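Throughout, read-outs are computed from the coordinates displayed, never taken from laboratory work. Here the structure is a predicted model, which is why all the values come from computation and not from measurement. Reconstructed Cβ throughout: ideal geometry from the backbone, glycine too, with neighbour counts over all protein chains shown.
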Amino acid sequence: QQTINSNLSRLSWDHTVCFISIVLPNPTRILDNLAFIYYSAVILSFLGGANWGIVVNGPERDDDTKILSLGVFPSLIAWTTLVVQNTSLVLLTLFIAFIFQYIFDWVAEKKYYLPSWYIELRTKLTLVVSASILIMWCSDF
């Protein structure tokens, strides 16, 4: 279990490099915006899939239907951000979506649906991702 947690942590931090590297100043800002939005949408969709893992791997619960339903929203929001042309609105939407997903994960951990190490990791990663989105959003003005 310790090895799995360590590997998950390392792999998760590896992905933050993508967020950070795209935010750094670069003369090709238009391509950076698109790459950042696309990458953010992929990661957001992945987080929604983790909700399904709660239901699939755990015992049956009264709120399984709600968890599955909430697991679809990150993918739908992510897809929407790929078709909307307003970069500022897209970045703001992604920021809010990542925060809401974090809140859902935090509540799920408090109900013992997720292990404590997961929310510890998600807290740090959400801070990096949220800060990256805000930096990108501020640089868009």
Straight-line reach from Lys66: which lysines have Cα under 17 Å away, leaving out those fewer than 8 places along the same chain?
Lys110, Lys111
Work out how much length Tyr38 to Asn57 would gain on full extension: take 0.36 nm times their residue separation and subtract the Cα-Cα distance, in nm to one decimal.
3.9 nm
Can you give the extra length, in nm with one decimal, that the chain gains between Thr80 and Val107 once fully stretched, where that is 0.36 nm per residue apart less the Cα-Cα distance?
7.2 nm
Starting from the Cα of Ser116, step 7 Å along the direction of its Cβ; do the same at Phe73; then give the gap between the two resulting points in nm.
2.8 nm
At Leu127 and Phe100, where each label point lies 7 Å from the Cα along Cα→Cβ, what is the point-to-point distance in nanometres?
2.5 nm
Rounded to two decimals, the Debye log10 I(q)/I(0) of the stretch 73-132 (Cα scatterers, no solvent) at q = 0.12, 0.13, 0.24 Å⁻¹ is -0.33, -0.38, -0.96
